[in-house]
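The values are calculated or read from the model by the stated rules, or taken from the named source; none is laboratory data. Fair warning: this is a prediction, and the values are worked out from it, not measured in the lab. Cβ placement follows ideal geometry from the backbone for every residue including glycine, while neighbour counts extend to all protein chains displayed. For accessibility, only protein heavy atoms count, side chains too; no ligands or nucleic acids. Shrake-Rupley method; radii C 1.70, N 1.55, O 1.52, S 1.80 Å.
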Amino acid sequence: MHRYLFSFALFCAATNAVPSVFENSINVTFPDKVGALTFGDKKEFPKKELGVNIRYQGNGPVVGSIYIYNAGLSDIPTGVGSPIIHKHFAQVIGEVKQLAAMGQVKAVNLAGAGSTISSFKGCGPQFMWRAYELDMGDKVLSSYTYLTGLNNNFVKLRMSHLKTDAQGKREVEQFVEEIRKVLGSCKD
């Protein structure tokens, strides 16, 4: 009887475990946990050029999404040095600016003078990135968009946390640092 209860408990634990997720378009396996965030779900968009979204959620209000797509292009360079990456990043930030005009947020406040290229040390790709605030009316989110090219795809990270969350920015930075190691197949 005890053996059956143990087997049943083991089965329940295995069924509730969150598996890692393989994304074949870039040949990368994403872990069930990245920094303080845990895998939430994977959504495949109906149009192939829109790719997939892999979402992670923290215990608090920090959310991270990874979008992997080709936007209908067949030749997307790896990294951030290409004019294709720079042009697409400008388009992505333009879409962020339009959120208020479309009524999805009350206001968008872009931080700084423009996009920045990351300078992370060690293994993994660098990103173009930009910070901004989204005024939702009842709360303000600090948000960040990161973009790089990998295996003929764009890899875009969108991260958000409550502006008042003192740990949020650190959790975002940790998530990005760990995701770049995953993307770079780093061993450390």
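222 nm [θ] for the chain, helices only, -39500 (n - 2.57) per DSSP H run of 4+, per residue, to 500?
-9000 deg cm²/dmol
So how do H86, H161 rank on accessible area, 1.4 Å probe, biggest first, that is with the largest at the start? Walk me through the numbers before you get to the answer.
On the way: H86 75, H161 5 Å².
Ranked from most to least accessible, the order is H86, H161.
Please compute the net charge surrounding M128, taking Lys and Arg as +1 and Asp and Glu as -1 over other residues with Cβ under 15 Å from its Cβ. Write out the running numbers ahead of the final one.
Values: positive: K87, R130, K156, R158, R180; negative: E95.
Once all neighbours under 15 Å are counted, the net charge is +4.
Average the reciprocal distances over every distinct pair of alpha-carbons in region 65-154, invert the result, and give the Kirkwood radius in Å.
On the way: mean 1/r = 0.0708 Å⁻¹.
Computed over Cα pairs of region 65-154, the Kirkwood hydrodynamic radius comes out at 14.1 Å.
Ordering S82, S20, S74, S25 from largest to smallest accessible area (1.4 angstrom probe), what's the sequence?
S74, S20, S25, S82
Could you grab the relative contact order for the chain? Cα pairs under 8 Å, six or more apart, rounded to a whole percent.
Values: 343 pairs, mean separation 39.9, N = 188.
Answer for the chain is 21 percent.
No solvent, one uniform scatterer per C-alpha: report log10 I(q)/I(0) for region 105-188 via the Debye equation at q = 0.11, 0.13, 0.14 1/Å, two decimals.
With no solvent term, the Cα-only Debye profile gives -0.33, -0.45, -0.52.
Which pairs break 31 Å Cα to Cα here: K33/K139; K48/K163; K43/K97; K47/K163; K48/K87?
Beyond 31 Å between Cα atoms: K48/K163; K47/K163.
Write down the accessible area per residue of the chain in Å², having rolled a 1.4 Å probe over the full set of protein chains.
Working: 10660 Å² over 188 residues.
Ligands and nucleic acids excluded, the figure is 57 Å² per residue.
When the chain is treated as a GNM, springs tying every alpha-carbon pair under 10 Å, which of N70, N24, N53 comes out with the largest mean-square fluctuation?
N24
Hey, got the dipole for region 63-176? About the Cα centre, +1 on K and R Cβ, -1 on D and E Cβ, debye to the nearest 20?
On the way: 11 positive and 8 negative charges, 23 e Å.
Value, rounded to 20: 120 debye.
Suppose we look only past 31 Å in the calculated P(r) of the chain. What percent of the Cα-Cα pairs does that tail hold?
21
Taking one equal scatterer on every alpha-carbon of region 42-101, how large is log10 of I(q)/I(0) by Debye at q = 0.17, 0.23, 0.25 1/Å?
Rounded to two decimals, the profile gives -0.78, -1.13, -1.16.
Helix check for the chain. Which DSSP H runs span at least 20 Å along their own axis by Cα, with a mean Kyte-Doolittle hydropathy no less than -0.5?
Passing helices, by number: 2-16, 83-101.
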